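Visitor: Once you've had a glance at the structure underneath, I'll fire off some questions.
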Amino acid sequence: MPLERSGDQRRIYARRMATSSAELTERPLHSRRTFTVLAADIAGFTRLMQHDEEATYVRLSELMAGVVAPAIGEAGGRIVKYTGDGFLALFENVVAATDAALAIQQIQILKGATEGAPPMLLRMGMTLADIIVTADDAFGDGVNLAARLQASAEPGGLVVSAAVAECLQAAGRVGLCDLGQLSLKHMQPVRAFAVPPPPGTPLLAPLAREAPDGRPAIVVLPFRNLSGKGTGTGSRLADGISEGIVHLLTGIEPLLVISRASAHTFTDREQDLSEVGRTLGVHYALSGTVRRTGNRIRVTTELTETSTGTVIRTGHHEGPLTDLFDIQDTISARLVGAIAPSVRDQELRRARRKPPDSLTAYDRLLQGLDILYRLDPSTFTLARGHFQQAMSLDPGFAPTYSHTATWHTFRLAQEWSVDREADVAEAVRNAALALERDPNDALGLAIYGHIMSFASRDYAAAMHFLDRATEAGPNCAYAWCLSAITCGYVGSPAEAVARAERAIRLSPFDPLGFLYEQILGQSHLLNGNHELAILWGGRSSARNSRDASNLRMLIVALVAAGRLDEARQMAGRLLAVTPGFNLTAYARRTPLPPDIRALYVGNLRSAGLPD
């Protein structure tokens, strides 16, 4: 029963914690046994505390003392520890543990439907494992797995390991949603299942459509199979494509991607996208169809803004059904390459319409990136101001620090730096701060590696971080692009070409496409193919005519191809962008290896650039 006074709530919560610890201290120092491990924490707890600290603490006390502790005790479990905004509990019985978890979630969902305050919903993860238990903690891979599964759950949801699912199915539980192989941080992919709520549980109240930092949410709805009955290949392909898109989206953009378990709620009903948006709390929905005709497959897609019904992007993909999995991977990669920039552009337009006092950290980051990528000297410093404001709004948001580091490297590359040593130091510092906040972020790793290469010329360290970046984010186009740059520096131009080509394939509509094309052109130049260097450099220049690095590369390639008049015209454009350019300073600072540096300097001189 809800407690009426915050003082009572605090005292009961404190007694629960003390009692739990006292019970555990009577046990041996430690033991190893097989338990059902339940990890849980409150979704959006930081946002709730920022909204109202006192009220959130009162609600947390009521939740832990009045809901969590009794439910776990009645199921024969015990709370090992509280974690501030969550708890870790152990059970002897898998079914009892599941019932307790679902009961807690059901109570909170019902409360969320009636309370005026934002709902206090838990994410839960559960596994069955042999672990070490001490007086006030538990250790082992099973504990870590439960925590990782919990992070993959939706607010109000429960995600369990295959071992738990097997026990539940043996006990006659049905309706588990197979989530496939989940990629969990610091772990090998693990097969997981979402456990549905008990019959009669209402749909969740609409969740916030963005994270506290303002990131948008997107759901990939199950694709519809239009191939007719009896065409299992079409159904498998439809499932595979939607699953592939979810997997790729979670790894390359600062988006909140709704889990497949929640998306599958809409499998068997007409897809009213406004209802999808309200129920799941998402800005965007991707829907699609799959049709097989003979040995060919056709996929159509629509990316829609749920609140307005505006279709942002449509897609049509067709090909031979020669290799099912290759088709799935190819279409998924192409779709994500179109979706991510489309969402980012839409969010930027939204941010531009907001008054300055309502901008979030993510809005500020988007506006800063928009200015940064223009490479306009008259507005370039404004990008840094947006990044600084984003940091003050959310000091823990890693991408802001990564892009601030990029701002400094762009200033160095454009010859706009008034203090090169200071810019190098700031680039290194901000890249390191990004990795402190998220050590496994592909973008942060790639930018840190690039700075080690471009600014510090520590190529061994650079390749270490760049390889980690492409491993952590195999679909992060920026990571492949930056790794291509260093491959060129260390004398591996063929590998540089391959990596730059991969970046372009992954994100053909990226606002940074001018950089990807410039690096591909430079890679071809280092590989001795001057005409391809000119081709890709020209494409890059058509996208962004102010990129000084690209202008230098084009001049070198044009001279090498014997097109001296064009090279001299390009040299005039370079001096307009970087009026103070001279070959002596350039030769001193460029990270190119000595033989390539000599080629660059000689060809730039031939085009008439000053010493």
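The values are calculated or read from the model by the stated rules, or taken from the named source; none is laboratory data. Remember, predicted model here, so these are calculated numbers, not experimental data. Neighbour counts run over all protein chains shown; Cβ positions are idealised from the backbone, glycine included. All accessible areas refer to the heavy atoms of the entire protein, side chains included, with ligands and DNA or RNA removed. Shrake-Rupley method; radii C 1.70, N 1.55, O 1.52, S 1.80 Å.
Visitor: Pairs under 6 Å by beta carbon, first residue farther than 17 Å from Trp407 by Cβ and in a helix (DSSP H, G or I) in segment 444-467, partner open to solvent by 10 Å² or more (accessible area, probe 1.4 Å) and among the basic types (Lys, Arg), six or more apart or different chains?
Guide: Cβ pairs passing all conditions: Leu445/Arg468.
Visitor: Search segment 180-193 for residues being at pLDDT 80 or above and among the aliphatic types (A, V, I, L, M), and hand back the single one that is least open to solvent (accessible area, probe 1.4 Å).
Guide: Ala192
Visitor: Next question. With the condition kept exactly as written, say whether any residue in segment 47-60 is at pLDDT below 85, under 21 Å from Ala146 (Cα atoms) and not hydroxyl-bearing (Ser, Thr, Tyr).
Guide: Scanning segment 47-60, I find no residue that is at pLDDT below 85, under 21 Å from Ala146 (Cα atoms) and not hydroxyl-bearing (Ser, Thr, Tyr), so the answer is no.
Visitor: Name the residues in segment 166-179 that are assigned to a loop (DSSP other than H, G, I, E, B) and either farther than 12 Å from Ala194 by Cβ or open to solvent by 60 Å² or more (accessible area, probe 1.4 Å) (or both), would you?
Guide: Selection gives Ala171, Gly172, Arg173, Val174.
Visitor: Now, a different point. Just to check your reading of the model, which residue among Ala151, Ala89, Ala146, Ala163 is surrounded by fewer than 16 Cβ atoms within 10 Å (Cβ to Cβ), within 30 Å of the chain's Cα centre (by Cα), of a type outside the set (D, E, K, R) and not in a loop (DSSP other than H, G, I, E, B)?
Guide: Sole residue among the options that is surrounded by fewer than 16 Cβ atoms within 10 Å (Cβ to Cβ), within 30 Å of the chain's Cα centre (by Cα), of a type outside the set (D, E, K, R) and not in a loop (DSSP other than H, G, I, E, B): Ala151.
Visitor: Checking Leu24 against (1) modelled with pLDDT under 85; (2) open to solvent by 10 Å² or more (accessible area, probe 1.4 Å), only one condition comes out false. Which one?
Guide: Here Leu24 meets the rest and fails (2).
Visitor: Six or more apart or on different chains, Cβ under 6 Å: which pairs go from a residue in segment 372-394 that's closer than 24 Å to Asp547 by Cα to one that's of a type in the set (Lys, Arg) and part of a helix (DSSP H, G or I)? Could you list them?
Guide: His386/Arg364
Visitor: Further question: How many residues are hydroxyl-bearing (Ser, Thr, Tyr), open to solvent by less than 30 Å² (accessible area, probe 1.4 Å) and in contact (Cβ under 8 Å) with a residue 12 or more places away in the chain when one looks only at segment 570-611?
Guide: Here the count works out to 3.
Here is a yes/no grid of residues against (1) assigned to a helix (DSSP H, G or I); (2) farther than 26 Å from Gly580 by Cβ; (3) open to solvent by 60 Å² or more (accessible area, probe 1.4 Å):
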| site | (1), (2), (3) |
| --- | --- |
| Ala498 | yes, yes, no |
| Pro508 | no, yes, no |
| Phe514 | yes, no, no |
| Gly528 | no, yes, no |
| Trp536 | yes, yes, no |
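Visitor: Counting just the residues of segment 413-437 that are touching a residue at least 60 places away in the same chain (Cβ under 8 Å) and open to solvent by less than 30 Å² (accessible area, probe 1.4 Å), which one comes out farthest from Arg573 (Cα to Cα)?
Guide: Among those residues, the one meeting the criterion is Ala413.
Residues checked against (1) open to solvent by 30 Å² or more (accessible area, probe 1.4 Å); (2) on the phi > 0 side of the Ramachandran plot; (3) at pLDDT below 65:
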site	(1), (2), (3)
Leu249	no, no, no
Glu270	yes, no, yes
Leu273	yes, no, no
Leu286	no, no, no
Arg291	yes, no, no
Arg296	yes, no, no
Thr301	no, no, no
Thr310	yes, no, no
Gly315	no, no, no
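Visitor: OK, next. Could you list, in sequence order, the residues of segment 482-493 that are touching a Leu at 6+ places or on another chain (Cβ under 9 Å) and open to solvent by 50 Å² or more (accessible area, probe 1.4 Å)?
Guide: Gly491
Visitor: Just for segment 574-595: of the residues that are in a helix (DSSP H, G or I) and in contact with a helix residue (DSSP H, G or I) (Cβ under 6 Å, 6 or more places away or on another chain), which one is nearest to Leu554 (Cα to Cα)?
Guide: Leu574
Visitor: On the given criteria, is Gly491 more than 30 Å from the chain's Cα centre (by Cα) and assigned to a loop (DSSP other than H, G, I, E, B)?
Guide: yes
Visitor: Within segment 41-55, can you find the residues that are surrounded by 14 or more Cβ atoms within 10 Å (Cβ to Cβ) and in contact (Cβ under 8 Å) with a residue 40 or more places away in the chain?
Guide: Matches in segment 41-55: Asp41, Ile42, Ala43, Gly44, Phe45, Thr46, Arg47, Leu48.
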